[in-house]
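Visitor: Right, I'll just put the structure down here and ask away after.
Read-outs throughout are calculated quantities, based only on the coordinates presented, and are distinct from any laboratory measurement. Just so it is clear, the structure is predicted and the values come from calculations on it, not from any experiment. Quick reminder, even Gly has a Cβ in these numbers, built from the backbone with ideal geometry, and neighbours come from all protein chains shown.
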Amino acid sequence: MNLPQKRDLAGKFMLIGGVSWIVFGVSHLFFPSVLNWASALSNVPPAHVFGIEISNVSFIYLFNADLFLYDMMLGLWSILFASELRKGKRTAATFGIILGAYFLIRALLQIHYFGTTPLDIVQAVAALAYAGLYLFPLTDLGAFKER
């Protein structure tokens, strides 16, 4: 595979990652209704932290909003960096490698914290697939040396 092909493939992989992150982000908008949070969380008691009562339900909604924003941010950055990766930019390759490392760690943490149910294995495999997409520049770092 020649240099332009490697760069183009790396850009395509990052674009796939970016688009899928935006899709995942948008899916978080539907979690409260699809998972029927109004009913499912109705009996969740508040937490007491340093003597202050904190709503666990509000925390779950806020965390879901955070995930929406994180996914959108990762998606948009991936899409923006995809074109830079096609140009052989080292910064874009570094971004991909950092995300790839994150997904490797994420796959291990999925199994460690949640076990090996079929859903957890699927999530760990998905994280490994993302790692593969984003770590592609490691196959030839010399192809991504442009400043």
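Visitor: With r as the distance between the Cβ atoms of I98 and V34 and R0 = 41 Å, compute the FRET efficiency 1/(1 + (r/R0)^6) and round to 0.05. Mind dumping the intermediate values first?
Guide: Numbers: r = 32 Å, r/R0 = 0.77.
E(calc), rounded to 0.05, equals 0.85.
Visitor: Just subtract the alpha-carbon distance of Q5 and V23 from 0.36 nm times their residue separation and send over the number in nm, one decimal. Spell out each step's value before the answer.
Guide: Working: separation 18, 0.36 × 18 = 6.48 nm, distance 2.70 nm.
The Q5-V23 span can extend by a further 3.8 nm.
Visitor: If you don't mind, another one. If you average the sequence gap of Cα pairs under 8 Å that are 6 or more apart and divide by the length of the chain, what percent do you get for the contact order? If you can, show how the numbers build up before the last one.
Guide: Details: 169 pairs, mean separation 49.1, N = 147.
Reported relative contact order: 33 percent.
Visitor: Between L109 and M72, what FRET efficiency comes out of the Förster formula 1/(1 + (r/R0)^6) with R0 = 25 Å and r the beta carbon distance, rounded to 0.05?
Guide: Details: r = 22 Å, r/R0 = 0.89.
The computed FRET efficiency comes out at 0.65.
Visitor: On a full-extension model of 0.36 nm per residue, what is the gain between A129 and L62, subtracting their alpha-carbon distance, rounded to one decimal in nm? Show your work: numbers first, answer last.
Guide: Details: separation 67, 0.36 × 67 = 24.12 nm, distance 2.79 nm.
Full-extension gain reported as 21.3 nm.
Visitor: Another one. So if we plug the beta-carbon distance of I79 and L138 into 1/(1 + (r/R0)^6) with R0 = 22 Å, what FRET efficiency do we get, rounded to 0.05?
Guide: Details: r = 21 Å, r/R0 = 0.95.
E between I79 and L138, to the nearest 0.05, is 0.60.
Visitor: Farthest toward the dipole's positive end in segment 3-143, which of L15, M72, F103, given Cβ charges of +1 (Lys, Arg) and -1 (Asp, Glu) about the Cα centre?
Guide: The residue sitting farthest along the positive end of the dipole is L15.
Visitor: How many nm is it between the label spots at E146 and V49, if each spot is 7 Å from the Cα in line with the beta carbon?
Guide: Going from the E146 label point to the V49 one covers 4.5 nm.
Visitor: I need the peptides 97-110, 42-55, 25-38 ranked by packing, meaning the mean over residues of other C-beta atoms within 10 angstrom, with the highest value on top. It would help to have the intermediate numbers written out before the result.
Guide: Values: 97-110: 16.9, 42-55: 9.4, 25-38: 12.9.
Ranking, from highest mean packing down: 97-110, 25-38, 42-55.
Visitor: Given that just one value was derived from the coordinates, which of (i) 138; (ii) 170; (iii) 106 is volume of the Cα convex hull per residue in Å³?
Guide: (i)
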